[in-house]
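As structure tokens, the structure follows; a few thoughts come after it.
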Amino acid sequence: MNQLQQTIINKAGLEQHHFEEFKSYLKRVSLKNKEFLLRENFVCKFIGFVESGVLRSYIQKNAEEFNVEFYLPDSFISAYTSFITQTPASGNIQALSDCEVLVISYADYNSLLNSSLEWYKLGKYISDELFMRKCKRQTSLLMDNATERYNLLLKTYPKIEQYVSQYHLASYLGIRPESLSRIKSLTYIND
């Protein structure tokens, strides 16, 4: 059983026939490193599931990039506010490596939701996952110091340092790369 199938059946509480139907709507998107899945000011017309590779979402202000989220294999991906409101996205989603993403279009997703109330289990699971990630990050940015944010990052995304550059990690944490180096050194010394 692949990860998406496990998620739909075991986590969202649907059945095998639901997975087969869902799978029939999916389109595969292959991205090369640094290619965009979504660009700022375009409407997000998909919810995706990352099969392989790593992506980031980021916003840009005064030519500076601020990483907002990372998407590793076996996670859902979307500019969800743009998706549900069908308004332009305020950020970008970019591949940090070669990636394979399975996407369902806005129209097909809504068609599923309208076909049976059972599909709302999947919709709730996806929205809860995306919402909880956002809430944890927001709370951490407001309440935690840089070291605590770094530790939460490692807990949330085990092995992320193998896939994402220190520059992007520092941006996500809201610190400079040299500060992240200091935090990592102190963590190593304390361990």
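Largest GNM mean-square fluctuation across E15, E118, E64, computed for the chain with C-alpha springs under 10 Å, falls on E64. Pairs exceeding 22 Å between alpha-carbon atoms, taken from K136/K159; K45/K124; K45/K136; K134/K155; K121/K159: K45/K136; K121/K159. Pairs of Cα atoms nearer than 8 Å and 6+ residues apart set the relative contact order; for the chain it is 23 percent. Checking every one of the trypsin sites (Lys or Arg not before Pro) in the stretch 85-191 against DSSP loop status and a limit of 12 other Cβ atoms within 10 Å picks out K159. With a simple spin-label model that places each label point 7 Å from the Cα along the Cα-to-Cβ direction, the separation between S97 and L186 comes to 3.0 nm.
Working note: Karplus 6.51/-1.76/1.60 with θ = phi - 60° gives the stretch 74-85 the couplings 6, 10, 7, 9, 5, 8, 5, 4, 4, 4, 6, 9 Hz, where Gly and Pro are set to x.
A short reminder: the numbers here are calculations on the coordinates, not readings from a lab. In this text, all values refer to a predicted model and were calculated from it rather than measured experimentally. FYI the Cβ positions are ideal-geometry reconstructions off the backbone, even for glycines, and counts take in every protein chain you see.
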